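Accompanying notes for the structure given below.
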Amino acid sequence: MLQSERKATEKLEETSKVYDVAIVGAGFSAIALAMNLLRVLQPPVSVAIVGDNPGFGRGTAYRTDLRVHRLNVAAARMSVYADEPDDFLSWLGSRYGSVSPDGYAARTDYGLYVRDRLAAALRDRDRAFRIDFIKAKATSCDLQIPPSFGFKLDNGDTFRAANVVLALGVGSADIPAAAGQIDDQAEHRIVRNPWRLSWRSRVRAVDTVLMLGSGLTMIDQVLALFARGHEGKVHVLSRRGLVSHSHATRKLPPVTPALGDSREISSLLASLRAQANATQDWRALMDGLRPQTQTLWQELNSEQRSRFLRHALPWWNIHRHRLAPTVHRQFDALRKAGAVSVHAGRLSAVRSSSAGLGVQYRERGSGSERSLSVDWVVNCTGMERSGVAQSPLLKSMIDLGLVVPDDLGLGIAVDEMSRVVGADGLANEGLLAVGQLTAGRFWEITAVPDIRVQARDIAVALARRL
Ligand SMILES: Cc1cc2nc3c(=O)[nH]c(=O)nc-3n(C[C@H](O)[C@H](O)[C@H](O)COP(=O)(O)OP(=O)(O)OC[C@H]3O[C@@H](n4cnc5c(N)ncnc54)[C@H](O)[C@@H]3O)c2cc1C
């Protein structure tokens, strides 16, 4: 280590606060972990939760205040605690009286639920624990001695922690266009991050808007636009132009599929399709598959996983990530009324013109170049195309060899216990990850029913170390 670097490190060690556990990220995954830690850690313990988003626990999904934004998982499956499945239902019941376990609550209510439960957990244990909520972005990490992790924050502060859990969520994705194909002058009409809620207030009611991506992020943004009285046309462009199906209005019990021995993607899919056709409602089969998905994914080799992503991902997404029936009906009505048109094709270019933006795309099937004149382009491809490239923190950890991207570029490499695997191929006992960052290992780890189990298991593992 150079003398200047050593001095900088010594200075950091002198001035930094030191924690037993730091959770970096402050969305649902981080708060679910903190709540599980409060249950299993023995005091005295110090915990830091570092988040750059206002509203700890709300994260990207639950900080909306629009009631058109509904959960896409039934209330009965949304408890924050894996071992108390009815907890969200009882919270809803205490607020609204009788509620249906199969209903799809407003996401804003879910954010309030998480906040309430966190507050209650802190009230119960606050004297025994030190929990600091640090409102900042962690921008870089370095290794400290004795083995601990040092973090720099975007407000200039630093801290250290002996154990770290990365809970950074999905991040955002770049617009899917080749370099040089987006005019600089077009930038002021391109919304690269639709989760910055302020963008909608800049859109005039008559404007024509193009949403890139046709997943759940797009549905959210379209409904939010029309909820504020939008009258202009909305175009949606994605490679295949597929939109998620609806959940069943009358839920059937899950049907567990037979998976057989072959792990070849084409035969697996063919078998699932045949079983779905023989089932009263294919959704019951998808629901029956869900508890087996993590195991099935881990039985696939790297080539099989990447074949799945190449060939089956869009179909998986629309069957697996379904919409609340009311949400599906609203979107369908907008399509039928001609207010929203969905196109299948590949974006070629975004050009600036005196009239606004000219968007060119290559139509799927015909291969013809098509164009659309729009006022705004909104990038809704985030959830579908997340990765580690956008995070300066992860980049610094990759530079140190603490973190490596997983084989498929979905997140970072972790072992079966969610411990982060470094460049040396070894799992780090003191560095873990929760949520979507671990999708390369677990795949089915984007929603509450899966994250809450992972959060509980990580909390138990950390409690054993402390
Ligand atoms: C629109 C939408 C709707 C959804 N609906 C449902 C649903 O109905 N049911 C369901 O089960 N799941 C749903 N999900 C899935 C959802 O992703 C999970 O339920 C859960 O909210 C994921 O939380 P997270 O904490 O892992 O990620 P996020 O919510 O993305 O939180 C991560 C947080 O970490 C912060 N962060 C990132 N990097 C840093 C850094 N370097 N320093 C500090 N902070 C950082 C981010 O700003 C962010 O606030 C939905 C997702 C979205 C996007």
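The values are calculated or read from the model by the stated rules, or taken from the named source; none is laboratory data. Given the structure is predicted, the values throughout are model-derived calculations rather than measurements. Virtual Cβ from ideal backbone geometry, glycine too; neighbours counted across all protein chains shown.
Assorted remarks:
- Hits in segment 206-241 (condition: out of contact with any Lys or Arg (no Cβ under 8 Å at 6 or more places or on another chain), more than 24 Å from Ala173 (Cα to Cα) and away from the ligand (no atom under 16 Å from the Cβ)): Val206, Asp207, Phe226, Gly229, His230, Glu231, Lys233
- Scanning segment 285-319 for residues that are surrounded by fewer than 18 Cβ atoms within 10 Å (Cβ to Cβ), under 23 Å from Ala274 (Cβ atoms) and of a type in the set (D, E, K, R) returns Arg290, Glu299, Arg307, Arg310.
- Members of segment 75-125 that are closer than 21 Å to Asp457 by Cα and either outside the structural domain of Asn36 (by TED's automatic domain parsing) or polar (S, T, N, Q) (or both): Ser79
- Just one of the numbered conditions (1) without any contact (Cβ under 8 Å) to a residue 24 or more places away in the chain; (2) outside any loop (DSSP other than H, G, I, E, B); (3) closer than 25 Å to Arg329 by Cα; (4) not hydroxyl-bearing (Ser, Thr, Tyr) is not true of Glu187: (3).
- Check on Leu323, among the aliphatic types (A, V, I, L, M), modelled with pLDDT of 95 or more and within 27 Å of Ala76 (Cβ to Cβ): yes
- Pairs with Cβ under 6 Å, 6+ apart, first in segment 138-155 and within 14 Å of Ala48 (Cβ to Cβ), second more than 14 Å from the ligand (Cβ to nearest atom): Ser148/Arg160; Ser148/Ala162; Gly150/Leu12; Gly150/Asp142; Gly150/Gln144; Gly150/Arg160
- Hey, Ser386 of a type in the set (S, T, N, Q), touching a helix residue (DSSP H, G or I) at 6+ places or on another chain (Cβ under 8 Å), buried (at least 17 other Cβ atoms within 10 Å of the Cβ) and modelled with pLDDT of 95 or more or not: no
- Of the strands (runs of 3 or more DSSP E) lying entirely inside segment 117-158, those containing at least 2 residues that are within 19 Å of Phe28 (Cα to Cα) and within 16 Å of the ligand (Cβ to nearest atom) are 129-135.
- Output for segment 264-288, where each listed residue is acidic (Asp, Glu) and in a helix (DSSP H, G or I): Asp287
- Residues in segment 398-416 that are in contact with a strand residue (DSSP E or B) (Cβ under 7 Å, 6 or more places away or on another chain) and within 25 Å of Arg456 (Cβ to Cβ): Leu402, Val403, Asp406, Ile412, Ala413, Val414, Asp415.
- Selection status of Phe129, surrounded by 18 or more Cβ atoms within 10 Å (Cβ to Cβ) and at pLDDT below 90: yes
- Whichever residue in segment 431-446 is at pLDDT 95 or above and within 8 Å of the ligand (Cβ to nearest atom) and, among such residues, is farthest from Arg320 (Cα to Cα): Val434
- Selection status of Trp376, within 26 Å of Asn317 (Cβ to Cβ) and within 16 Å of the ligand (Cβ to nearest atom): no
- Residue list for segment 206-222, restricted to those being farther than 24 Å from Arg283 by Cα and touching a helix residue (DSSP H, G or I) at 6+ places or on another chain (Cβ under 6 Å): Met211
- Residue within segment 205-226 that is β-branched (Val, Ile, Thr) and within 22 Å of Gln304 (Cα to Cα) present: no
- For segment 1-108, the helices (runs of 4 or more DSSP H) that sit wholly inside it and include 1 or more residues that are away from the ligand (no atom under 12 Å from the Cβ), surrounded by 19 or more Cβ atoms within 10 Å (Cβ to Cβ) and modelled with pLDDT of 90 or more are 28-40, 87-96.
- Residues within segment 175-200 that are over 22 Å from Leu66 (Cα atoms), surrounded by fewer than 15 Cβ atoms within 10 Å (Cβ to Cβ) and either within 15 Å of the ligand (Cβ to nearest atom) or of a type in the set (D, E, K, R) (or both), tallied: 2
- Boolean, Gly215 is at positive phi and not aliphatic (A, V, I, L, M): no
- Of the residues screened, Ala248 is not one that is outside any loop (DSSP other than H, G, I, E, B) and more than 28 Å from Gly411 (Cα to Cα).
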